[in-house]
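Working notes for the structure below.
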Amino acid sequence: MSASVVMFLVFIAITLVITWWAARKNTGSQAYFAAGRSLTAWQNGIAVAGDYMSAASFLGIAGIIAFQGYDGFMYSVGWLVAYLTVLLVVAEPLRNSGKYTMADVLAYRLRARPVRAMGALSTLTVSTFYMIAQMVGAGALVSLLLKDTGISFRMAVIGIGILMIVYVVFGGMLATTWVQIIKAILLMSGTILLSFLVLKHFNFSLGAFFDAIAHVTYHDAQGNLVTQDFLTPGLRYKPPYGALDLISLGMALLFGTAGLPHILVRFYTVPDAQTARKSVVWAMAIIGTFYILTTFLGFGAATIVGRDFIAKNGGNNMSAPLLAQALAGDLFFAFISAIAFATILAVVAGLTISASTSFAHDFWTNVLKHGKEVAQDEEVRVARVTAFVVGAVSIAIAIALGPNANVAFLVALAFAVAASANLPVIVLSLFWRRFNTRGAVCGLATGLLASLILILLSPSIMKANAIFPLENPGIVSIPLGFLGAVLGTLSGREPSAEAKFTELNVRANTGLGAEKASSH
Amino acid sequence: MSQEKRFGTSEADLTASVGAATDVAPLSRANKPAHELTADEDVDVADWERVAAMDEFKELVAAKRKFIIPATVFFIVYYFALPLLVGYAPALMARKVFGVVNVAYLFALSQFFMAWILAALYVRAAGGFDALATRILSKLKGGR
């Protein structure tokens, strides 16, 4: 058995013990959906970072920098800056006025059933797309990293799916949170260690490191040996649409992160808005450090391992593991690979719990059952069944798509929907007195449809004949989402929604009447 | 709708009337056993309009606005300056500052510090918001 399998089994064993412990503590819906609202700022902050830094960040961004230099680093900037939107605009009001889901805030002063139905649809869309991307990526990665152990793509996807279902169904939010915390700590230690080794390789001279980055040699597509300054912009985002695509991506990140359901639900796990704020700060410290260190991961792989070698040994996603192998041998390679699995597992568990929470709380209890919980804990039971179904469906879709499917656009789509559908209605609901149910439904529908249609017309799907030239629809779909919400609102008046604005405004700003931590 | 009708007597459940029962925390004393009440739940909120009309509340909203709106505009402008300059002023971005390190890399790196500094400034300002909110809550409690 290879060392990475052993390390991964250790990780699984620890997380299963945590799940067992969390299952014993889980009593009632507040414990299951929101970890009893009793997490501390650092716990939730690390979990937010763990929820957010996916394999796409760890392996993907390192790979883009290793192959396209500066443009990859510029790409990583937006992932941190996006948290300013979360910190300044969304986290505290959301914590003060909601219970378990994003739609709680909307349903507060609007008509609950249409708004919750649309909110649940949008949440499930974002979570499912994001999850399929993670699962396909995970399967491909596992089969690549473990190609000597005989673990196939299908086995990897099923294994990850089953683990994720176990965490969520039995352990609820508490177990999911601890899986994310452990993963974030592992990921940060691996990244810091790897960065240290890169610096050591250059005798701790930043000057020597950057000189090497300015003279990276590799064979280009025509087979010529070229030397390229990897600090020069423009290796990935080329005219005529490069800058626009990057701006569009930046918009999706800046406005989408604050609309990602699996990030938003994390703010219900803390006792109050002050703790929610502090946890964003914790998350920003970790996420920022991580993305700055991608300088060492990505450029380190470009200079020490080299593009040619990475291209022959699994492609750009393997940049970080191959760098580990080059610097410290097979055991470190195994450690970094195990971190990559842990990363994927934590992210899919977070997505599953936010999807099942939204289905159970928004759709089942509040739309189908008109807000009356029939039996005690029915909501939790529905959420568990949903988590199982969501997990099973994602496994099936990921296997059907296969390891070679191009799924990167699914992540772009998830962010675009979050930014174009979710964020406009959250912001308008919190800050615009006149905003009403029609506006919310129009805004959610327009943002969702615009993102979907533009992705279908983009180069990701239509290749060379793309009608829409950008890979990221944000620059068009976000304004459309806002426009839909505003026009829908202006088409009618809803006195009850306007009357309740004062109440929401007082709650959001003072925390009066906000959900409290349960006393366990 | 009169306040009387919306909120009933002071002992009534003040939970939102439009949303579902599970939407928001109940505000009345009656709905929870006494040991589960926290300090500000014990406050009898007569009506939201009264809180909204308090000078402290107006001050709180104004103070938040004064920080959050300029800060948000600033980070959006600062962030989008990066792809715009890289895309449309490549010569400026390629200018070398320290050895081979160019403006483009330093500007991208500065974004991280911008985000951290802005977050720190917000946390400091938010301490003031918290103090105002606490004053509102204690005034409500003291008023009974």
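How do A:Phe73, A:Phe153 rank when sorted from fewest to most other Cβ atoms within 10 Å of their own Cβ? Walk me through the numbers on the way to the answer.
Details: A:Phe73 25, A:Phe153 20.
Fewest-to-most ranking of A:Phe73, A:Phe153: A:Phe153, A:Phe73.
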### Query
Using the membrane-span-like helix rule (whole DSSP H runs, Cα extent along the own axis of at least 15 Å, mean Kyte-Doolittle hydropathy at least 0.0), which helices of chain A qualify?
A:3-25, A:41-52, A:70-85, A:112-145, A:153-166, A:172-201, A:242-256, A:273-300, A:319-358, A:378-401, A:437-456, A:474-490
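Rounded to the nearest 0.05, what FRET efficiency is calculated for A:Ala464 and B:Lys139 with R0 set to 45 Å and r the Cβ-Cβ distance? Spell out each step's value before the answer.
Numbers: r = 66 Å, r/R0 = 1.47.
According to the calculation, E is roughly 0.10.
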### Summary
The exposure ranking of A:Thr149, A:Thr85, fewest beta-carbon neighbours within 10 Å first, is A:Thr149, A:Thr85
### Message
Take A:Glu498 and A:Thr27, extend 7 Å from each Cα along the Cα→Cβ direction, and tell me the distance between the two endpoints in nm.
### Response
4.8
### Query
Any idea what the relative contact order of chain A is, in percent, if you count C-alpha pairs under 8 Å spaced at least 6 apart?
31
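How shielded is B:110-117 by partner chains, expressed as the average number of their Cβ atoms within 10 Å of its Cβ atoms?
Values: counts 1, 9, 10, 2, 4, 10, 7, 0.
Averaged over the peptide's residues, the number is 5.
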### Summary
From DSSP H assignment alone, runs of 4+ in chain A each adding -39500 (n - 2.57), the sum over residues rounded to the nearest 500 puts [θ] at 222 nm at -22500 deg cm²/dmol
### Message
Assuming 0.36 nm per residue, please report the length gained on full extension of the stretch A:Ala392 to A:Asp211 beyond their Cα-Cα distance.
### Response
60.2 nm
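In debye, nearest 20: dipole of chain A around its Cα centre with unit charges on the Cβ of K, R (+) and D, E (-)?
Values: 32 positive and 22 negative charges, 244 e Å.
In total the dipole reaches around 1180 debye.
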### Residue-averaged beta-carbon neighbours from other chains (10 angstrom radius) around B:71-79
4
### Message
Only counting other Cβ atoms within 10 Å, I'd like A:Val411, A:Val265, A:Val305 sorted with the fewest neighbours first.
### Response
A:Val411, A:Val305, A:Val265
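What does the charge count around A:Val270 come to, taking other residues whose C-beta lies under 10 Å from its C-beta (Lys +1, Arg +1, Asp -1, Glu -1)? Each step should come with its number before you reach the end.
Details: positive: A:Arg37, A:Arg95, A:Arg266, A:Arg277, A:Lys278; negative: A:Asp272.
Value of the local net charge: +4.
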### Task
Taking the Cα centre of the range B:54-144 as origin, work out the dipole magnitude from +1 charges on Lys and Arg Cβ and -1 charges on Asp and Glu Cβ, in debye rounded to 20.
220
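Based on the Cβ-Cβ distance from B:Arg124 to B:Val97, what FRET efficiency comes out when R0 is 25 Å, to the nearest 0.05? Write down the numbers at each step before the final one.
Working: r = 31 Å, r/R0 = 1.24.
About 0.20, to the nearest 0.05.
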### Task
Would you work out which of A:Gln325, A:Ala440, A:Val265 lies farthest towards the positive end of the dipole of chain A? Charges go on Cβ: Lys and Arg +1, Asp and Glu -1.
A:Ala440
### Query
Roughly how big is the range A:134-262's charge dipole about its Cα centre, with Cβ charges of +1 (Lys, Arg) and -1 (Asp, Glu), in debye to the nearest 20?
300
### Task
Anything over 22 Å Cα to Cα? Flag those among A:Lys99/B:Lys141; A:Lys516/B:Lys141; A:Lys278/B:Lys64; A:Lys99/A:Lys500; A:Lys500/B:Lys66, in the order listed.
A:Lys99/B:Lys141; A:Lys500/B:Lys66
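Provide the FRET efficiency to the nearest 0.05 for the A:Lys200-A:Ile158 pair, computing r from the beta carbons and using R0 = 45 Å. Write down the numbers at each step before the final one.
On the way: r = 40 Å, r/R0 = 0.88.
FRET efficiency, A:Lys200 to A:Ile158: 0.70.
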### Task
Using a 10 Å cut-off on Cβ atoms, rank the peptides A:228-240, A:51-63 from the highest mean neighbour count down.
A:51-63, A:228-240
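What do you get when you divide the Cα radius of gyration of chain A by 2.2 N^0.38 Å, with N the number of residues? Don't skip to the answer; put the middle values down first.
Values: Rg = 22.6 Å, N = 520, 2.2 N^0.38 = 23.7 Å.
This ratio for chain A stands at 0.95.
A short reminder: the numbers here are calculations on the coordinates, not readings from a lab. Everything numeric in this text was worked out from a predicted model, so none of it was measured. Don't worry about glycine lacking a Cβ; one is built from the backbone with ideal geometry, like all the others, and counts go over all protein chains shown.
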